[in-house]
2 protein chains.
Amino acid sequence: MIPTHSGRPVRRTGPIPIAGRRATGEEIILAASIEVMSEHGYHGTSVRDIAERAGLSPAALYHHFSSKHDVLATIMDRGIEELLSRTRTALQSAGDDPPDRLRALVAVHVLFHLEDQRGTLLGTSEVRGLEEPVRSEHLAKRQQQQRMFDGVVSDGTQRRAFRTEYPQEASRAVVVMCTGVASWYHPEGPLTREEIAQRYQVLALDLVGAA
Amino acid sequence: MIPTHSGRPVRRTGPIPIAGRRATGEEIILAASIEVMSEHGYHGTSVRDIAERAGLSPAALYHHFSSKHDVLATIMDRGIEELLSRTRTALQSAGDDPPDRLRALVAVHVLFHLEDQRGTLLGTSEVRGLEEPVRSEHLAKRQQQQRMFDGVVSDGTQRRAFRTEYPQEASRAVVVMCTGVASWYHPEGPLTREEIAQRYQVLALDLVGAA
C-alpha cells in the first residue's frame with residue numbers, strides 16, 4: 001500500500017511492473033523496498049519485510065545488497081542521479097532564453113516527481129535514514145540540482161528577463177513547489193501530468209516575475 | 001538529535017524547554033516524542049524510546065497517553081488546530097483587500113512552520129502513521145487550511161486583484177512553498193524569521209500575479 005496525496009493507502013494489484021520487460025532481482029528488490037518503506041518508513045522496515053514483499057528470501061536480498069541501508073542509499077542515489085542527468089540534458093537543449101531555460105527545468109522537475117511519485121516522496125522524507133558519508137554526498141547532489149535553478153533565475157534577473165527582488169528565495173520556492181507535486185498528485189485527477197507541468201511553468205515564470 | 005535542512009543532526013543541549021514555565025508531564029512527553037520521532041520516524045520509535053527521552057518510565061507515559069498512536073495523533077492534532085486558529089484570527093483582522101489577506105495568510109503559515117520546525121516536519125512526513133478515523137479527520141483539517149488560501153486567491157482573481165490563470169494551482173503552490181520553509185530553515189541563517197515571512201509574502205503575491 002502506498003500513501004497518496006490524501007494520505008489514504010492504495011493497494012497495488014498484480015506484480016511490481018518494470019516497464020514491460022523481465023525485471024532483474026535488484027530491480028524487484030528496489031521496487032519492493034520503495035513500496036514497503038513508503039508504508040512504514042525506513043526505520044520501520046526490516047530486511048525481512050522487503051524480502052517478503054519482493055517474494056525472495058533475506059539471503060537472496062543479501063546477494064544484491066549488503067544491508068537495508070545499502071538498499072535505501074541505492075534508491076536515493078539512482079533517483080537524484082536520474083534527476084540531475086535529465087536536468088542537464090534539458091538545459092543543454094533549452095537555448096539561451098531565460099524563460100525557456102526555466103520552463104525546461106520546471107518540466108523536468110515536475111514530470112520526474114509525478115512519474116516516480118512514491119520513490120521521490122521516499123527520497124524527500126528519508127534523508128534522515130542515510131548514514132554518513134552517504135548522506136552528505138546525497139545532499140551535495142541535491143544542492144547541484146538547486147544550483148541549476150539558481151543559475152537560471154540569477155541569470156534571468158541579471159538580464160532583466162525576471163524582475164523578482166528575491167531570486168534566491170524564488171529559485172528555492174520553485175524547486176519546493178515542483179517537488180511538492182508528488183505529495184498531492186492523483187493519477188485519476190482532472191489534469192494530465194503534462195498539463196500540470198505546463199501550469200507549473202506558468203506559475204514559476206510568475207514567481208520570478210518574468211517580463 | 002534533530003534533522004536540519006542539511007540533514008545533519010543537531011544535538012539538543014539541556015532539558016526540553018517549554019516557554020519558561022514548569023512543563024507538564026504531557027508536554028514533556030510530546031516534546032520528547034517529536035525529538036525521537038524526528039530521528040527515527042514514527043514506525044521506528046517505540047514507547048520505550050519516548051519514555052527514555054522524556055526521563056520517564058513507560059508506565060508513566062501510559063498515564064498520559066493510551067498508545068504511541070495516541071501520542072502521534074495528539075501532536076498532529078494540536079499542530080493543525082493551532083495553525084487553523086492562527087489563520088482564522090489573521091484573516092479576521094486582515095481587512096477586505098485581497099493582497100492584504102494573502103499577506104496575512106502567508107505570514108501565519110511561514111512563521112508557524114519556522115517556529116515549530118521539527119513538529120511541522122513530523123506532521124508533514126508522518127501522516128502515514130495515523131490510523132483511521134484519525135487520519136481522515138486530520139486530512140480534513142489540512143483541507144480547511146488549504147481552503148482558506150483557495151478562498152483568498154479565488155476572491156482576488158474574481159476582483160481582478162490577482163491575474164493568475166491558475167488560481168487553484170497557485171493557491172496550492174503557495175501553501176506548499178510556505179510549508180517547505182521547515183525543510184531548509186536554519187536558525188543561524190542570514191535571514192530572521194520575519195524577513196523570511198516578508199519575502200514569502202512578496203513571492204506569493206508574484207505567484208498569484210498581484211496587480
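The values are calculated or read from the model by the stated rules, or taken from the named source; none is laboratory data. Fair warning: this is a prediction, and the values are worked out from it, not measured in the lab. For neighbour counting, all protein chains shown are included, and Cβ atoms are generated from backbone atoms with ideal geometry for every residue, glycine included.
Values as computed for the structure displayed
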item: Top-ranked residue in the stretch B:179-210 [being in a helix (DSSP H, G or I) and of a type in the set (Asp, Glu); ranked as nearest to the other protein chains (Cβ to nearest Cβ)]; result: B:ASP206
item: Test: residue in the stretch B:140-163 that is in contact with a Ser or Thr (Cβ under 8 Å, 6 or more places away or on another chain), acidic (Asp, Glu), part of a helix (DSSP H, G or I) and at the interface with another protein chain (Cβ under 10 Å from one of its Cβ atoms); result: no
item: Residue count, the stretch A:41-54 (criterion: surrounded by fewer than 19 Cβ atoms within 10 Å (Cβ to Cβ) and out of contact with any Lys or Arg (no Cβ under 8 Å at 6 or more places or on another chain)); result: 3
item: Residues satisfying the stated conditions in the stretch B:19-47, i.e. within 21 Å of B:GLY123 (Cα to Cα), of a type in the set (S, T, N, Q) and not in a helix (DSSP H, G or I); result: B:THR45, B:SER46
item: Matching residues in the stretch B:129-139 - criterion: being outside any helix (DSSP H, G or I) and either among the acidic types (Asp, Glu) or in contact (Cβ under 8 Å) with a residue 40 or more places away in the chain (or both); result: B:LEU130, B:GLU131, B:GLU132
item: Flag if A:ARG147 is in contact with a Pro (Cβ under 9 Å, 6 or more places away or on another chain) and either touching a residue at least 60 places away in the same chain (Cβ under 8 Å) or not β-branched (Val, Ile, Thr) (or both); result: no
item: Residues located in the stretch A:55-69, provided they are loosely packed, with under 14 Cβ neighbours inside 10 Å and closer than 17 Å to A:ARG128 by Cβ; result: A:SER67
item: Residue, surrounded by the fewest Cβ atoms within 10 Å (Cβ to Cβ), within the stretch B:76-102, restricted to residues that are acidic (Asp, Glu) and outside any helix (DSSP H, G or I); result: B:ASP96
item: Residue count for the stretch B:51-74, restricted to those that are within 21 Å of the chain's Cα centre (by Cα) and either within 14 Å of another protein chain (Cβ to nearest Cβ) or small (Gly, Ala, Ser) (or both); result: 4
item: Test: residue in the stretch B:189-211 that is touching a Gly at 6+ places or on another chain (Cβ under 6 Å), surrounded by 20 or more Cβ atoms within 10 Å (Cβ to Cβ), closer than 20 Å to A:VAL175 by Cβ and touching a residue at least 40 places away in the same chain (Cβ under 8 Å); result: no
item: Hey, B:GLU169 under 28 Å from A:LEU205 (Cβ atoms) and surrounded by fewer than 20 Cβ atoms within 10 Å (Cβ to Cβ) or not; result: no
item: Of the criteria (1) of a type in the set (Gly, Ala, Ser); (2) in contact with a strand residue (DSSP E or B) (Cβ under 9 Å, 6 or more places away or on another chain); (3) within 10 Å of chain B (Cβ to nearest Cβ); (4) surrounded by fewer than 20 Cβ atoms within 10 Å (Cβ to Cβ), which one A:SER136 fails; result: (2)
item: Failed item, numbered, when B:VAL152 is tested on (1) surrounded by 20 or more Cβ atoms within 10 Å (Cβ to Cβ); (2) within 16 Å of A:LEU207 (Cα to Cα); result: (2)
item: Residue list for the stretch A:138-168, filter: in contact with a helix residue (DSSP H, G or I) (Cβ under 8 Å, 6 or more places away or on another chain) and farther than 13 Å from A:VAL208 by Cβ; result: A:HIS138, A:LEU139, A:LYS141, A:ARG142, A:GLN144, A:GLN145, A:GLN146, A:MET148
item: Counted residues, the stretch B:128-174 - those being hydrophobic (A, V, I, L, M, F, W, C) and more than 25 Å from B:ARG193 (Cβ to Cβ); result: 6
item: Pairs where the first residue, in the stretch B:166-177, is at the interface with another protein chain (Cβ under 7 Å from one of its Cβ atoms) and the second is outside any helix (DSSP H, G or I) and polar (S, T, N, Q), C-beta under 8 Å, 6+ apart; result: B:ALA170/B:THR164
item: A:ILE50 outside the structural domain of A:PHE112 (by TED's automatic domain parsing), assigned to a helix (DSSP H, G or I) and not basic (Lys, Arg); result: yes
item: Among (1) away from chain B (no Cβ under 12 Å); (2) more than 16 Å from A:THR87 (Cβ to Cβ); (3) modelled with pLDDT under 95, the one test that A:PRO99 misses; result: (3)
item: Where B:GLU126 falls short, out of the listed (1) away from chain A (no Cβ under 14 Å); (2) of a type in the set (Asp, Glu); (3) in contact (Cβ under 8 Å) with a residue 24 or more places away in the chain; result: (1)
item: Lone qualifier among B:GLN117, B:GLN145 - being surrounded by 17 or more Cβ atoms within 10 Å (Cβ to Cβ), modelled with pLDDT of 90 or more and not assigned by TED's automatic domain parsing to the domain that holds B:GLU39; result: B:GLN145
